[in-house]
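Report on one structure; see the data block that follows.
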Amino acid sequence: MRVYVPATVAMLRELVTAREIRAINGTAFAVTPSLREAYAYGDDEELAEVAMSEAARASLRLLAQEREDAAAADTEPGDTAPEDAGEGGGHYIAPVYRRAVIAADVTGARFRPDLDVGVVRLSDPIGYDRIASVHVDLAEAEPEVAKAVAVIDAADLGSEDAEFILGDAEDHQLAWYAAQELPFLLELL
């Protein structure tokens, strides 16, 4: 099954280093039977876009958590850990405001219609060899993504103003990268 795993740039860096990734709380998105039922029209490609969009929105929630963690550590966006910080030095601490989604082919995904129509749970980590592609915002999206991160909770609670701000971020298409391009992309960020 093709799944769409919400991620951040920091998570992508960990993926390249560890050669596997575990979805946060095991949560990913896919074209599930419930998602098919929720949309009267749409082929598999269109439904996959819906699942990826949900994963991209979930990426905003992960960025919000990274921002909270960075604020607690008193860092600025784009700051890196000191090179002499030992193992793990040089990794981003504060978020890079770009949504990221990992598309992977997995087995054992469990449908979770009780959470949402496109949600699946993954119990195992995803190996690098299972990754079909990675999708990341371009630099031009960063200002809108940063604003969306600030209002994601309000949008979840139904704020129309927050939904409008999210829409500005979601107007940006995620760029497609093959899995083997990921290390080179991260070097450029």
I'd like to know if the range 86-106 contains one or more residues that are open to solvent by 40 Å² or more (accessible area, probe 1.4 Å), at pLDDT 95 or above and acidic (Asp, Glu). yes
Subset of the range 139-176, residues without any contact (Cβ under 8 Å) to a residue 24 or more places away in the chain, over 22 Å from Glu49 (Cβ atoms) and open to solvent by less than 50 Å² (accessible area, probe 1.4 Å), comes to Val151, Ala154, Ser159, Ala162
Does at least one position in the range 149-169 carry a residue that is within 19 Å of Tyr4 (Cα to Cα) and at pLDDT 95 or above? yes
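Residues checked against (1) surrounded by fewer than 23 Cβ atoms within 10 Å (Cβ to Cβ); (2) within 18 Å of the chain's Cα centre (by Cα); (3) under 19 Å from Glu66 (Cα atoms):
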| residue | (1), (2), (3) |
| --- | --- |
| Val5 | no, yes, yes |
| Met11 | yes, yes, yes |
| Ile21 | yes, yes, yes |
| Ile24 | yes, yes, yes |
| Thr27 | yes, yes, yes |
| Pro33 | yes, no, no |
| Glu37 | yes, no, no |
| Asp44 | yes, no, no |
Enumerate the strands (runs of 3 or more DSSP E) found wholly within the range 97-189, keeping only those where 3 or more residues are in contact with a Leu (Cβ under 8 Å, 6 or more places away or on another chain). 100-105, 131-136
State yes or no: is Pro77 modelled with pLDDT under 90, open to solvent by 60 Å² or more (accessible area, probe 1.4 Å) and in contact with a Pro (Cβ under 9 Å, 6 or more places away or on another chain)? yes
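The values are calculated or read from the model by the stated rules, or taken from the named source; none is laboratory data. These numbers come from a predicted model, not from an experiment. Neighbour counts run over all protein chains shown; Cβ positions are idealised from the backbone, glycine included. The accessibility values were calculated without ligands, DNA or RNA, using every heavy atom of the protein model including side chains. Shrake-Rupley method; radii C 1.70, N 1.55, O 1.52, S 1.80 Å.
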